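Read-outs: derived from the displayed coordinates by stated rules, not from any lab. The model shown is predicted, which means the values in this text are computed figures rather than measured ones. In this analysis, Cβ positions are derived from the backbone assuming ideal geometry, glycine residues included, and neighbour counts consider all displayed protein chains.
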Amino acid sequence: MPFLRTILARLAATLVTLFGAAVIVFVVIRVVPGNPIAMMLPPGATEDDIARLQALYGLDKSIFEQFVIWLGGVVRGDFGTSISLRQPVLNLVLGRLPATLELSIMALVIAVFIGGAMALTGTLRRDTRTEAAIDVTSGMALSVPDFLWGLILILLFGVLWPVFHISGRVSPSLDFDFQTQFYLFESVLRLRFDVWADLVSHMFMPSLALAIPLAAIISQLLKQSLKETMHLDYVTLARTKGYSEASVITREALPNAVLPTLTLIGVQFTFLIGGTVIIERLFSYEGLGNMAIDAVINRDLPLIQGIVILFALLFTVVNLVVDMTYAALNPRLRHA
Amino acid sequence: MRDARSRVRRPIGLRLWLSGGWITLLIIGAVLAPLIAPHDPLYQDLFAGRMPPVWVDGADPNFLLGTDSLGRDVLSRILYGARLALTVALVAGTLTCLIGATLGLIAGYYRGWVDMVISRLVDIWMAFPPVLFAILLIAVLGTGLTSIIIAIVVIDWTRFARVVRAEAMTQGTMDYVASAQVVGRTKAGTMFAEILPNVLPTIVALLTLEMGIAVIVEAILSFVNLSISTDAPTWGGMIAEGRTSVHQAWWVLVFPLITLFLTVLSFSQLGEGLKDYFDPVLR
Amino acid sequence: MSFLEVENLTLRIARGPRILRAVSLGVDQGEVRGLVGESGAGKSMIGKAILGTLPRAIQVVSGRISLDGTDLQTLPARERRRRIGAQVALIPQDPLTALNPVRRVGPQITNRLVDILGWDRSRAEARARELLDEVHIPDPDRVMRSYPHELSGGMRQRILIASAFAAEPKLIIADEPTTALDVTVQKQILRLIKEMQDRHNTALLFVTHDLGVVSKICQSLTVLYAGKVIEDTDTRSFFAAPGHPYSQALLHATPKYTDPEDSLTPVPQHVIDAVEAEVTDFDKGLGA
Ligand SMILES: Nc1ncnc2c1ncn2[C@@H]1O[C@H](COP(=O)(O)OP(=O)(O)O)[C@@H](O)[C@H]1O
Ligand SMILES: [Mg+2]
């Protein structure tokens with residue numbers, strides 16, 4: 001099974017990457033000037049108090065020892081305790097992860113729809129003004145990063161035409177007792193579409209801001225791939241059978257054109273997830289990224305470590321999923 | 001091969017003119033800021049807070065683009081903010097380019113264990129969300145211009161390393177490289193004399209793109225209040241303030257945002273345009 | 001009145017040279033017509049014009065194509081597409097690229113029946129099985145579940161032939177259907193096409209540059225040079241005495257099956273000059 005071997009090799013490489021990332025964060029944040037412990041204590045605290053608390057968080061040991069202890073904890077599923085929030089890092093991080101996941105996935109869905117529609121329209125109307133307009137639009141969308149799109153959306157849909165919420169994840173006034181952190185998912189399962197609408201109204205702008213650059217990339221890559229496919233013999237043969245140009249594109253060209261696009265979208269999706277950090281801040285959305293910035297500002301070392309490792313893990317999982325989807329969609333690999 | 005590339009050139013397109021024009025304008029504005037800025041960018045006048053731009057009713061003609069909540073002149077702050085933005089773009093962009101391109105060139109041309117190490121580092125870097133990484137570095141290094149520049153170099157060198165490595169790899173396999181070595185050049189000599197000139201167009205285009213990215217990173221850092229000192233005029237800082245008072249004083253957000261938007265768009269279009277201009281074979 | 005009638009068809013590259021010059025030809029039900037000419041003569045363009053798959057860069061200057069007496073140009077686009085899909089089918093040149101690599105073979109045979117002709121799926125599948133049987137493919141069920149890359153070139157061409165005959169078309173256009181195959185497989189495929197055409201009594205337009213093949217399976221033939229019809233005749237009289245000097249030269253340039261090494265004379269330059277002059281005269285006559 002060469003396929004299985006590929007996956008195993010990928011997993012091994014992933015572990016090395018994660019380990020490297022852990023070492024780097026660990027070292028970098030321990031060079032932080034300013035004592036995080038001193039910041040936690042009331043002004044009257046003595047040197048003794050500080051020393052005791054440092055020992056409590058293990059900060060009195062050498063970096064190497066600290067790393068070994070931390071790594072030992074991680075292996076057992078213990079990421080330490082947040083200094084600023086005084087709770088286990090794992091609980092904090094897992095509590096925020098669903099919010100970020102929902103936002104990222106919603107952004108991905110939007111990007112795939114917009115980008116896909118642009119690519120299909122551009123292929124259908126290739127070599128016309130419509131295609132030129134699509135090219136210009138996607139070029140612009142790609143030139144400007146999510147942060148700026150977020151601000152522009154705030155102006156458009158928060159100020160000029162205030163139809164969406166510009167901050168938070170859910171309206172505080174909403175009378176709904178969430179059982180999980182997957183708010184959007186839960187609201188659908190419990191058939192509370194009023195709650196769902198409120199959530200979507202909060203997520204619309206941040207997810208669109210994240211989606212715009214990715215949509216542009218999908219539009220460009222997929223259109224190029226589609227246009228190349230349109231010249232192939234099996235596409236022509238389908239045309240002679242009586243299919244319309246639109247059906248030929250969606251039925252024959254699309255399944256093939258998607259494959260080369262897919263691998264590239266994987267990397268781009270990790271960039272999108274990275275973008276949630278600032279977008280969540282911009283929209284005061286209570287996700288992982290927003291928590292990360294607070295953790296940095298509060299010098300909360302264990303929390304920063306936990307969040308960064310979680311992001312790294314998320315990125316590698318995304319890449320792995322993309323590889324497996326690619327293999328599953330490609331008959332040549334599936335039966336290899 | 002190299003000659004063919006530089007000979008086939010297209011006319012400079014409209015987008016090169018427009019984006020180049022905007023950046024030139026911005027450079028002039030930044031350099032001449034002390035002469036042309038109508039006000040001191042730090043001067044606060046609480047009685048003149050949140051004055052709208054001149055064409056809106058109730059404006060003070062002294063403040064062309066209005067004032068922020070502390071009565072500081074928006075136009076003057078944008079002009080002074082351009083100094084920081086462009087300094088960061090130029091210095092951080094160039095340093096990132098030098099370091100990243102060198103590592104990429106070495107990895108792509110020498111291959112072997114050097115390549116292994118550099119590629120592995122790139123992989124690890126790709127596992128960090130860049131914005132979070134930058135914020136973390138600023139927290140470690142402390143705020144200030146030098147810290148911003150270091151942070152940008154540290155998070156973005158991989159962008160150059162990745163692309164240049166791939167290009168150097170393809171160039172390295174071509175015949176003219178082998179023949180250059182037969183002629184008797186050293187390996188390093190070949191790298192600088194034969195490979196570098198061929199990847200240079202890509203590097204220049206990437207550098208231009210990187211300048212736009214540096215401007216954005218600086219804006220993001222000042223947006224989360226981690227750039228330079230708190231009341232110094234920065235586009236990101238103005239945007240952060242404008243974001244909180246957007247319902248009372250839209251102009252505090254809108255004008256720095258437009259400036260930032262045009263600047264980032266121009267750098268990026270300039271980069272894309274240069275890529276087409278240098279490279280007859282579109283990639 | 002033949003089933004397929006092409007009359008005075010002239011095509012050109014947009015703002016460029018002509019590709020077909022007032023081409024007329026017809027194919028009757030049950031007739032096999034060879035379309036012969038050297039590479040670039042415009043043979044495939046005739047097929048594409050009939051099937052409505054001309055490249056965008058190619059313009060129809062004038063001419064009429066009718067199926068069963070209906071001028072295709074008079075039909076609305078959608079109706080024209082469906083009419084062609086129902087009555088005409090293509091056997092393509094290269095079986096390796098003519099099947100969609102990510103879809104199973106079965107649906108690629110049945111899709112025309114289901115999507116265009118509105119058959120229900122099980123009936124279409126039964127029909128596909130029957131056809132695979134007709135083209136001598138063992139274990140049709142397994143083949144229908146396969147992906148193209150799992151099958152050989154000859155196998156794929158058989159599948160494409162089966163697919164072409166699926167909807168009982170009135171006309172089949174075979175565009176050099178054996179050129180891309182191994183010599184040993186070529187003969188089998190040729191025989192198979194002829195066999196299927198006989199059984200279904202279809203009109204067949206057989207595009208080839210090989211006069212040897214024409215002598216074996218065609219009743220009539222059209223010789224094309226630079227998009228102009230040089231000769232249109234029945235096979236027997238052509239091989240007895242070609243009417244046009246270019247045709248004669250072409251015949252001499254074709255290796256004989258009896259003696260492949262012997263008498264290979266390339267088309268002489270003066271013949272080419274003469275036929276080029278004819279084409280130029282034709283263009284002048286049109287004022288171009
Ligand atoms: N897509 C196209 N655009 C423009 N010209 C084409 C295109 N395809 C083919 N041609 C030209 O049309 C002429 C006829 O081509 P074709 O019908 O494919 O010849 P053949 O007789 O070998 O099948 C050739 O001169 C070719 O250069
Ligand atoms: Mg042909």
Sum of -39500 (n - 2.57) over DSSP H runs of 4+, divided by residues of chain B (222 nm, nearest 500): -23500 deg cm²/dmol
Sorted by Cβ neighbour density within 10 Å, fewest at the top, the residues B:Ile216, C:Ile217, A:Ile265: C:Ile217, A:Ile265, B:Ile216
FRET efficiency for A:Glu47 and A:Val27, using Cβ-Cβ distance with R0 set to 25 Å, rounded to 0.05: 0.40
Estimated FRET transfer efficiency (A:Phe64, B:Thr146; beta-carbon r; R0 30 Å; 0.05): 0.55
Tilt relative to chain A, helix A:63-75 - C-alpha long axis, 0 to 90 degrees, to 10: 60
Distance between modelled label sites at A:Gln181 and A:Met324, nm, 7 Å Cα→Cβ extension: 2.2
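Work the Kirkwood hydrodynamic radius out for chain A: mean of 1/r over every pair of different alpha-carbon atoms, inverted, in Å.
Evaluated on chain A, it is 22.8 Å.
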Calculated SAXS-style log₁₀ I(q)/I(0) at q = 0.08, 0.14, 0.15 Å⁻¹ - the range C:4-241, Debye, Cα scatterers: -0.30, -0.92, -1.05
Residue-count net charge about C:Gln188 - beta-carbon cut-off 15 Å; Lys, Arg +1, Asp, Glu -1: +3
Shielding score for A:159-171, defined as the mean number of other chain Cβ atoms within 10 Å: 1
Candidates B:Ala214, B:Ala33, B:Ala101: whichever shows maximal mean-square fluctuation once chain B is modelled as a Gaussian network with Cα springs under 10 Å: B:Ala33
Helix-only [θ]222 nm of chain A, DSSP H runs n ≥ 4, -39500 (n - 2.57) each, per residue, nearest 500: -24000 deg cm²/dmol
Between the range A:45-60 and the range B:101-155, the alpha-carbon center distance in angstrom: 34
Charge dipole magnitude, Cβ of K and R +1, D and E -1 - the range A:171-278, Cα centre, debye nearest 20: 440
For the range C:112-167 and the range B:14-71, distance of Cα centres in Å: 72
Low-density loop cleavage sites - chymotrypsin sites (Phe, Trp or Tyr not before Pro) in the range A:163-231, where at most 16 other Cβ are within 10 Å (DSSP): A:Phe176, A:Phe178, A:Phe182
Principal axis dimensions, largest first and in whole angstrom, of the range C:155-233 by Cα: 35, 29, 20
Exposure proxy order (Cβ contacts within 10 Å, fewest to most) of C:His149, A:His165: C:His149, A:His165
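Expected output is a single nm value to one decimal: the length gained when fully extending between B:Phe261 and B:Tyr110, i.e. 0.36 nm times separation in residues minus the C-alpha distance. What is it?
Gain on stretching B:Phe261 to B:Tyr110: 50.4 nm.
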Column: log10 I(q)/I(0), Debye, Cα scatterers of the range A:273-314, q = 0.16, 0.24, 0.26, 0.30 Å⁻¹: -0.35, -0.76, -0.87, -1.05
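Distance cut-off 22 Å, Cα to Cα: go down the list A:Lys241/C:Lys43; C:Lys48/C:Lys216; A:Lys241/C:Lys228; A:Lys241/C:Lys48; C:Lys43/C:Lys194; A:Lys241/C:Lys170 and report the pairs above it.
C:Lys48/C:Lys216; A:Lys241/C:Lys228
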Fluctuation leader among C:Ala241, C:Ala124, C:Ala167 - chain C, Gaussian network, Cα springs under 10 angstrom: C:Ala241
Ellipsoid semi-axes in whole angstrom, largest first, where each is sqrt(5λ) of the Cα gyration tensor of chain B: 43, 22, 13
At R0 = 22 Å, FRET efficiency that the Cβ-Cβ distance of A:Asp135 and C:Arg78 yields, to 0.05: 0.15
Helical mean residue ellipticity (222 nm; -39500 (n - 2.57) per DSSP H run of 4+; nearest 500) of chain C: -12000 deg cm²/dmol
Rg in Å to one decimal, and Dmax rounded to a whole Å, for the protein assembly as shown via C-alpha atoms: 34.9, 118
Ordering of B:39-46, C:29-36, A:110-117 by packing [mean C-beta count within 10 Å, highest first]: C:29-36, A:110-117, B:39-46
Ascending count of other beta-carbon atoms within 10 Å, so fewest first, for A:Leu303, B:Leu141, A:Leu210: B:Leu141, A:Leu303, A:Leu210
Within straight-line cross-link reach of C:Lys187, aspartates and glutamates at Cα separation under 16 Å, skipping those fewer than 8 residues along the same chain: C:Asp94, C:Asp175, C:Glu176, C:Glu195, C:Asp210
Potential lengthening between C:Arg142 and C:Ala277 on full extension [0.36 nm per residue; Cα-Cα distance subtracted]: 43.0 nm
